[in-house]
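Step one of this worksheet: look at the structure below.
Laboratory data are not the source of any read-out in this text; all were calculated from the coordinates shown. The shown structure was predicted, so the numbers you read here are calculated from the model rather than taken from an experiment. Positions of Cβ are backbone-derived with ideal geometry, glycine not excepted, and every protein chain shown enters the neighbour counts.
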Amino acid sequence: MSAAPQVPGPPSCAITRRIPPVAVTLLVASLMWIASAAVPAWRLEVPGRELATLALVLLAGAVGLAGLRAFRLARTTSNPLRPDRASSLVTAGIYRHTRNPMYVALAIALLAWVVWLGHALALAGVAAFVGWMNRFQVAAEERALHALFGEEFERYCREVPRWL
């Protein structure tokens with residue numbers, strides 16, 4: 001059996017993994033709003049802002065729901081705080097294109113918030129979200145899934161990107 005996939009993060013992310021990803025998203029969105037209000041000179045004029053925001057929100061919803069649907073069809077947990085309870089490795093549907101569609105959906109929702117705010121500094125929030133999720137949430141999930149599914153999970157990691 002080959003070695004576990006290399007994932008960033010400390011050996012135990014139990015404390016940070018207890019923060020639900022939606023809570024991280026809301027915190028980042030709040031910080032993006034505060035930053036945009038604090039530095040009004042960095043505002044951007046976004047043509048079609050309302051339509052672009054709506055399109056991104058709809059895309060985020062579709063991606064997130066596709067991820068949840070695939071978990072339901074596989075009859076496994078979608079609880080991001082308990083990846084060790086997964087009963088199967090989901091690789092069908094949207095999981096053929098990304099290993100983390102629900103987190104991709106949250107990132108797209110934050111991107112919609114950037115467009116709505118029309119502020120260059122808010123874009124840093126999306127990068128911060130992805131960095132946080134990689135370091136704390138995804139790394140812990142990948143360790144748990146490797147422990148459960150071994151080589152099958154390693155092969156899946158080689159074939160499907162973490163994000164997009």
Cα Rg, Dmax (largest Cα-Cα span) when computed across the stretch 84-164, Å = 14.5, 45
Expressed as a percent, the portion of alpha-carbon pairs in the chain spaced more than 28 Å apart is 26
Rg and Dmax [Cα atoms of the stretch 113-156; Å; Rg one decimal, Dmax integer] = 15.6, 45
Extended-chain gain in nm, criterion 0.36 nm per residue less alpha-carbon gap, Phe149 and Ala23 | 42.5 nm
At 222 nm, what helix-only mean residue ellipticity would the chain give, in deg cm²/dmol to the nearest 500, using -39500 (n - 2.57) for each DSSP H run of four or more?
-> -19500 deg cm²/dmol
Could you calculate the FRET efficiency of Ile34 with Val160 from 1/(1 + (r/R0)^6), where r is the beta carbon distance between them and R0 is 35 Å, rounded to 0.05?
-> 0.50
Could you state the principal axis extents of the C-alpha atoms in the stretch 46-113, from the largest down, to the nearest angstrom?
-> 46, 22, 15
Label-point separation (nm) for Asn79 and Leu65, each offset 7 Å from Cα along Cα-to-Cβ?
-> 2.6
